[in-house]
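A.B. asks: Can you keep this structure in mind? I'll have questions shortly.
The values are calculated or read from the model by the stated rules, or taken from the named source; none is laboratory data. None of the values given here were measured: they were computed from a predicted structure. Counting neighbours? That spans all protein chains shown, and the Cβs are built from the backbone with ideal geometry, glycine included. All accessible areas refer to the heavy atoms of the entire protein, side chains included, with ligands and DNA or RNA removed. Shrake-Rupley method; radii C 1.70, N 1.55, O 1.52, S 1.80 Å.
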Protein chains: 2
Amino acid sequence: MTTTSLTTEIGTSIPENLARLIGADITFGRLAAWTRLTEEQVANTYNVSRSPVREAIRLLERDGLIARSSRRGIWVAPLSLKDFDGVYACRIALEALAAEQAARSPHAASTRPAFDRLLTRLRTTLANGDTVGFFEADVEGSEIIYDLADNPTLRRLLLSLEKQALRYRYFAYQHSAEVTALSVNATRDIYARICEGDHARARALTETLIKDIWQSTREVLADFFSEKMP
Amino acid sequence: MTTTSLTTEIGTSIPENLARLIGADITFGRLAAWTRLTEEQVANTYNVSRSPVREAIRLLERDGLIARSSRRGIWVAPLSLKDFDGVYACRIALEALAAEQAARSPHAASTRPAFDRLLTRLRTTLANGDTVGFFEADVEGSEIIYDLADNPTLRRLLLSLEKQALRYRYFAYQHSAEVTALSVNATRDIYARICEGDHARARALTETLIKDIWQSTREVLADFFSEKMP
DNA sequence: ACCTCGTCGTTTGTATACAGAATACTGAAC
DNA sequence: GTTCAGTATTCTGTATACAAACGACGAGGT
């Protein structure tokens with residue numbers, strides 16, 4: 001049954017696994033914005049009771065993927081340009097900080113092989129048009145940086161922001177012909193500066209890159225949201 | 001009974017109120033670091049069942065005030081210099097951002113009266129040695145800034161960080177003879193720049209102020225943590 | 001005396017039962 | 001035909017019941 005798959009998944013905790021699964025459904029658009037969820041429906045879907053579902057909902061609410069109104073129900077969080085800007089304003093500041101702290105790590109140099117593998121993945125997925133794989137590789141790269149930064153608080157905040165950010169990026173990707181991909185070269189440079197311990201340039205380049213992603217994604221989103229309500 | 005007080009409190013939701021009460025107990029040292037909690041004990045204390053207690057625990061865990069280990073129990077989160085540095089690294093970046101965004105708000109100018117009232121409170125509480133009142137006023141000032149910034153994501157992140165930061169500041173205050181108070185004049189200047197819409201200076205001054213608080217608090221904490229384990 | 005294994009108590013995690021609130025629906029009046 | 005009131009249903013929020021895991025304690029062996 002689905003129950004066994006839930007407990008055997010890596011999280012080993014049902015609420016965390018539920019949040020991961022439902023969160024992925026939201027991020028990749030399988031659950032549309034404003035979709036109403038009921039606890040019982042989710043519980044039936046995954047063959048668990050409402051208790052772990054409630055905990056999963058709390059987690060998703062804190063990650064900004066689900067909106068709750070007391071006693072009135074649960075919806076998949078809406079998307080808006082304002083929310084997108086808010087998320088990215090925070091993300092720019094914190095990603096820059098993470099890159100700087102990662103570059104200061106004594107283990108930065110020894111991470112080069114992992115970065116190189118990741119760059120290869122970014123190039124191949126991009127060449128093959130595997131956008132989901134590309135995004136996944138990008139996210140993994142971010143997590144390596146968070147680990148290097150060795151700051152659990154920063155890590156927690158960025159992981160939360162990353163889910164929302166990825167949701168907007170994937171949404172933009174689906175609604176625009178062109179792939180709004182980040183620059184692999186810019187990513188390569190950032191990785192290199194981190195490995196060298198050049199924290200100033202690592203921070204500056206990261207800030208620029210995230211701002212670029214913000215702007216390019218924003219154009220697509222702005223088009224969509226303006227034609228939605230003319 | 002305590003039950004009624006829980007529901008009549010502003011949050012109107014039992015888990016939120018529980019989290020607020022327990023969170024305050026942790027922040028102000030009434031619950032010491034590493035203290036073990038059990039769900040049933042908390043439930044009995046507040047005359048509620050374990051269900052809302054579990055939700056409150058999740059909230060406190062996300063705010064970094066409680067540490068959980070799956071199936072092994074719940075403790076009041078430990079304090080450490082490294083954690084403190086991590087929290088403040090994030091806080092510096094985000095408070096600066098919030099001050100900048102607040103200064104860009106069209107409602108910034110009309111907030112001057114609220115800021116003035118707050119400054120009076122800061123001065124009187126400081127003069128009377130009412131340190132708790134002083135911290136509370138400072139926190140309220142921050143929340144006004146978050147509201148002006150009009151960025152729910154930023155607000156959510158900062159509120160979470162603020163609880164941890166205040167815990168460290170209160171801890172330092174208790175363990176040092178001198179009051180490690182922030183500079184009222186610096187706060188006044190920041191409020192003024194925000195009201196004027198001078199976002200560049202608002203950001204720069206905020207960054208300086210939070211860094212100063214970080215350093216002065218850090219000295220006290222460093223003394224304590226070094227003599228604790230020599 | 002120390003280490004190991006088994007049992008017991010405690011505590012978390014999950015399922016279910018129940019109460020109350022919010023919304024949707026039905027019907028009647030204007 | 002529209003609107004308002006009353007009822008019914010559905011869903012959340014809380015309480016309770018049950019199962020399984022972890023740790024502590026003690027007995028037995030080396």
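Rundown of residues vs (1) touching a residue at least 40 places away in the same chain (Cβ under 8 Å); (2) away from chain A (no Cβ under 14 Å), yes/no style:
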site: B:E140; (1), (2): no, yes
site: B:Y146; (1), (2): yes, no
site: B:L157; (1), (2): yes, no
site: B:Q174; (1), (2): yes, yes
site: B:E196; (1), (2): yes, yes
site: B:T206; (1), (2): yes, no
site: B:W214; (1), (2): yes, no
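A.B. asks: Then there's this: Which residue, of A:K228, A:K163, is at pLDDT below 95, within 24 Å of A:A77 (Cα to Cα) and open to solvent by 50 Å² or more (accessible area, probe 1.4 Å)?
C.D. replies: Working: A:K163 fails: at pLDDT below 95.
Only one candidate qualifies: A:K228.
A.B. asks: From the residues in the stretch B:37-61 that are among the basic types (K, R) and under 27 Å from A:L157 (Cβ atoms), which one is farthest from DNA strand C (Cβ to nearest atom)?
C.D. replies: Here the answer is B:R58.
A.B. asks: Return the total of residues in the stretch A:170-189 being within 22 Å of A:R123 (Cβ to Cβ), assigned to a helix (DSSP H, G or I) and open to solvent by 10 Å² or more (accessible area, probe 1.4 Å).
C.D. replies: Total satisfying the criteria: 7.
A.B. asks: Can you name the residue in the stretch A:1-34 that is in a loop (DSSP other than H, G, I, E, B) and within 12 Å of DNA strand D (Cβ to nearest atom) and is also modelled with the lowest pLDDT among such residues?
C.D. replies: Filtering the stretch A:1-34 for residues in a loop (DSSP other than H, G, I, E, B) gives A:1, A:9-13, A:28-34.
Okay, now just the ones that are also within 12 Å of DNA strand D (Cβ to nearest atom), so A:12-13.
Numbers: A:T12: 77, A:S13: 90.
Ranking the candidates gives A:T12 first.
A.B. asks: Of all residues in the stretch A:55-101 being of a type in the set (V, I, T) and away from DNA strand D (no atom under 12 Å from the Cβ), which is farthest from B:N151 (Cα to Cα)?
C.D. replies: Looking only at the stretch A:55-101, we keep the residues that are of a type in the set (V, I, T), and these are A:57, A:66, A:74, A:76, A:87, A:92.
Still in the running and away from DNA strand D (no atom under 12 Å from the Cβ): A:76, A:87, A:92.
Values: A:V76: 19, A:V87: 8, A:I92: 14 Å.
Restricting to residues being of a type in the set (V, I, T) and away from DNA strand D (no atom under 12 Å from the Cβ), the top hit is A:V76.
A.B. asks: How many of the residues making up the stretch A:62-88 are within 16 Å of DNA strand C (Cβ to nearest atom) and at positive phi?
C.D. replies: The initial filter retains those residues of the stretch A:62-88 that are within 16 Å of DNA strand C (Cβ to nearest atom), namely A:67-75.
Filter again for at positive phi, leaving A:71, A:73.
Going through the stretch A:62-88 one residue at a time, the tally reaches 2.
A.B. asks: OK, next. When you check B:T187 against the structure, is it within 24 Å of A:L97 (Cβ to Cβ), of a type in the set (S, T, N, Q), away from chain A (no Cβ under 14 Å) and in contact with a helix residue (DSSP H, G or I) (Cβ under 9 Å, 6 or more places away or on another chain), yes or no?
C.D. replies: On the way: within 24 Å of A:L97 (Cβ to Cβ): yes; of a type in the set (S, T, N, Q): yes; away from chain A (no Cβ under 14 Å): yes; in contact with a helix residue (DSSP H, G or I) (Cβ under 9 Å, 6 or more places away or on another chain): yes.
Criteria met by B:T187.
A.B. asks: Can you run down the residue pairs with Cβ atoms below 6 Å, 6 or more apart or on separate chains, where the first is in the stretch B:65-89 and in contact (Cβ under 8 Å) with a residue 12 or more places away in the chain and within 9 Å of chain A (Cβ to nearest Cβ) and the partner is β-branched (V, I, T) and part of a helix (DSSP H, G or I)?
C.D. replies: Going by the 6 Å Cβ cut-off, the qualifying pairs are B:V87/A:T153.
A.B. asks: Here's something else I'd like to know. Could you tell me whether any residue of the stretch A:32-49 is within 11 Å of chain B (Cβ to nearest Cβ) and among the small types (G, A, S)?
C.D. replies: Residues of the stretch A:32-49 that are within 11 Å of chain B (Cβ to nearest Cβ), as a first pass: none.
No: the stretch A:32-49 contains no residue that is within 11 Å of chain B (Cβ to nearest Cβ) and among the small types (G, A, S).
A.B. asks: So A:H107 clears everything in (1) within 13 Å of another protein chain (Cβ to nearest Cβ); (2) closer than 21 Å to A:R156 by Cβ except one condition, right? Which one?
C.D. replies: All conditions are met except number (1).
A.B. asks: Give the residue that is farthest from A:R218 (Cα to Cα), with candidates limited to residues of the stretch A:159-172 that are more than 14 Å from chain B (Cβ to nearest Cβ) and among the hydrophobic types (A, V, I, L, M, F, W, C). Full working, then the answer.
C.D. replies: Taking the stretch A:159-172 first, the residues more than 14 Å from chain B (Cβ to nearest Cβ) are A:166, A:169-172.
From the residues that got through so far, the ones that are among the hydrophobic types (A, V, I, L, M, F, W, C) too are A:166, A:171-172.
Working: A:L166: 13, A:F171: 11, A:A172: 8 Å.
Checking each candidate, the answer is A:L166.
A.B. asks: Okay, moving on. Can you tell me how many residues within the stretch B:216-230 are among the aliphatic types (A, V, I, L, M) and in contact (Cβ under 8 Å) with a residue 60 or more places away in the chain? Walk me through how you get there before you give the answer.
C.D. replies: Within the stretch B:216-230, the subset among the aliphatic types (A, V, I, L, M) is B:220-222, B:229.
Checking the rest, the ones that are also in contact (Cβ under 8 Å) with a residue 60 or more places away in the chain come to B:221-222.
Selection size over the stretch B:216-230: 2.
A.B. asks: I would also like to ask the following. For B:E95, only one of the following conditions fails: (1) of a type in the set (D, E, K, R); (2) in the same structural domain as B:E162 (by TED's automatic domain parsing); (3) over 22 Å from A:D63 (Cα atoms). What is its number?
C.D. replies: (3)
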